[in-house]
1. Quick one: which helices (runs of 4 or more DSSP H) sit completely within segment 297-410 and have at least 2 residues that are farther than 23 Å from K220 by Cβ and either modelled with pLDDT of 85 or more or of a type outside the set (S, T, N, Q) (or both)?
2. I605 - would you say it is of a type outside the set (S, T, Y), closer than 20 Å to E484 by Cα and modelled with pLDDT under 90?
3. Examine segment 171-183 for a residue that is outside any loop (DSSP other than H, G, I, E, B), over 21 Å from R338 (Cα atoms) and of a type in the set (D, E), and state whether such a residue exists.
4. Among the listed residues A518, A494, identify the single one that is in contact with a Cys (Cβ under 9 Å, 6 or more places away or on another chain) and at negative phi.
5. Return yes when V499 is over 30 Å from G465 (Cα atoms), modelled with pLDDT of 90 or more and among the aliphatic types (A, V, I, L, M) and no when it is not.
6. Among the residues of segment 310-360, what is the count of those that are without any contact (Cβ under 8 Å) to a residue 40 or more places away in the chain, among the charged types (D, E, K, R) and in contact with an Asp or Glu (Cβ under 9 Å, 6 or more places away or on another chain)?
7. Of the conditions (1) of a type in the set (D, E, K, R); (2) in the same structural domain as H476 (by TED's automatic domain parsing); (3) more than 22 Å from K608 (Cα to Cα), E436 clears all except one; give me its number.
Amino acid sequence: MATNGKKHKRKIVKFKFNLSWKNILLYGFLLLFSLFLLVGLSAPLEDRKTVPISEIIESVKKDEISQITIVDNKISVTTKRGATLHTNKEVGSNVYQLFKDAGVSLEKTKVVVKDESGVTNWINLISSILPVVLMIAFFYFIFRQARGAQENIFSFGQSRAKLFSKDSPKVTFADVAGVDEAKQELTEIVDFLKNPAKYKAMGARTPKGVLMIGPSGTGKTLLARSTAGEAGVTFFSMAGSEFMEMLVGVGASRVRDLFSTAKKAQPAIIFIDEIDAIGRQRGVGLMGGHDEREQTLNQILVEMDGFTPNEQLIVMAATNRPDVLDPALIRPGRFDRRIALDMPDVVGRKAILNIHAQGKPFAPDVDWEKAAKRTVGFSGADLENMLNEAAILAARLNKKFIDMRDLEEAATKVKLGPEKKRLQSDADRKMTAYHEAGHALVSWYMPHVDPVHRISIVSRGLSLGHTMMEQIERVHETKTHLLEQVAVMLGGRAAEQLVFAEMTTGASDDIAKASQVARMMVVEYGMSELGPLNLEASDRRMYYEQQHVSDEMAAKIDGQVKKITDMCYKNAASVLSKLRDKLDLLAAELLKRETIESDDFIKLIGPKEGKALALAKAQNSRSPSLRTK
């Protein structure tokens, strides 16, 4: 038999007994049950084979017995034929005297006497004492559980905050990038904690609270932790939802315990993540001002007001919903400073990539400037995830270094999801190719839309294809750019109707996004014939929807939204009808290659600054549109 030369090691499994009270109680019950089962099964078996002793005496007299075994008051005999018979004698009687009185001699019969009185006594002792011991252990276990439950009830009010002492691994400002303005603000907080005497001499007080506002993944928690690490102080971290409990008053008790513990450890920082969970505006809940959340918020307000001017204790909080916070919480004197964090710009993204790239082997040709420019809209968490996905992809392909292709694929995966191999017919693939080609050509034609970065008919996430742009960072959005964006979104549907005279469900997401942009232009940005009015339909701070517009105005809003989308759709259809030959060329190339990058797209269609830009400028001069500054 052939072997592969590998040595197979025998795996040794070690069993460990955990002698806890629960296990001891369980083992005791099993032992007692086994003893009772043993006694119960053995007794009926012996009764079925028991014969009178007179029959045993008669068999001995006839020389039919080969051996007699005596165990206490039980007699077992074995006949010469191999059968076994059982009988009992009276307590205290002698077997030899019993056979002698009957006139029977035992000289020819072997007699064996066994003394098992000790074992029997032990079994009787255990069977009588063990139930008592088990009952005592059972009640002890019950009382112990009850005492633990009582202690847990009284410990509900204790703080559940995570404590990071001064000796814990430090996170400093060097580990945070892309938020330079926020770090500058927090540098003063660090100086307050390090040199309180300097500010006390000038009559200045330490800021009581710092509220960090920004989208998810922009580094609010990391920034708070780095502030404590930079100042070298104790850091208490707790989420807003951890204050809440089923019992009324528990949240307020935890707030008191947290602030009391932090005051003893000062200088210190208390960090409350997602403070909107307990800091929502009071008086809009379903239970008025008596629910648990509002009591917890009231206690936080009292604790922050109770600071003495020179206490070295700062409360930091983070939220991405500042509009729902109670005004009493964010007023000066409680949260004195508000630090707004936004998505990092290209310089910040490059710095974040350099931080998270440490410890990963990258190829020398990796262009970090290019990677930063192509990740517009990525948060710090997205960029960290992108590098991790790139490392996983490179390891899967057995590469020694992470190259630019891995970064491109990872960025696409983070934004759109992983590739999916879906079974599609040739008609479906052709429909998808024309759909994406429609998006790309309308984008190429419009002068203010960002250049095309990649076109693909490879399925990702819920989409059958995608057209990505090289997004240019803007501070202001103009009306012209927004209208062109809506036209690009509707370019896929326009291509479907132009080529196939048919509509598909693949444009549903494009239509939803186009309608959303058009509605925001009307109700928020004032870019419609209704004028510069804010016409949002509801107040997001309320648990119920509060109408701000009349039914007549709502109908006008819907009319303006439809007018914008209709106009943009007509523009997209007009562009594609003019560029029908390029549309067919691009769709055929997509069916052949599945994915087309920006360089290949320019070679195939031409540069954006050519004829397309001139035609678009001429069209804009004939039908001028208003722009915002």
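The values are calculated or read from the model by the stated rules, or taken from the named source; none is laboratory data. Predicted model, so just to flag it, every value in this text is computed and none were measured. A quick note on method: Cβ atoms are made from the backbone with ideal geometry, for glycine too, and the neighbour counts reach across all protein chains shown.
1. Values: elements: 327-330, 346-356, 368-373, 380-396.
Result: 368-373, 380-396.
2. Criteria met by I605.
3. Yes.
4. Values: A494 fails: in contact with a Cys (Cβ under 9 Å, 6 or more places away or on another chain).
The unique qualifying residue is A518.
5. no
6. Matching residues across segment 310-360 total 1.
7. (3)
A quick yes/no check of all residues on (1) buried (at least 18 other Cβ atoms within 10 Å of the Cβ); (2) without any contact (Cβ under 8 Å) to a residue 60 or more places away in the chain; (3) among the β-branched types (V, I, T); (4) touching a His at 6+ places or on another chain (Cβ under 6 Å):
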{"site": "A390", "(1), (2), (3), (4)": "yes, yes, no, no"}
{"site": "N398", "(1), (2), (3), (4)": "no, yes, no, no"}
{"site": "R405", "(1), (2), (3), (4)": "no, yes, no, no"}
{"site": "V414", "(1), (2), (3), (4)": "yes, yes, yes, no"}
{"site": "P418", "(1), (2), (3), (4)": "no, yes, no, no"}
{"site": "R422", "(1), (2), (3), (4)": "no, yes, no, no"}
{"site": "D428", "(1), (2), (3), (4)": "no, yes, no, no"}
{"site": "A433", "(1), (2), (3), (4)": "yes, no, no, no"}
{"site": "A440", "(1), (2), (3), (4)": "yes, no, no, no"}
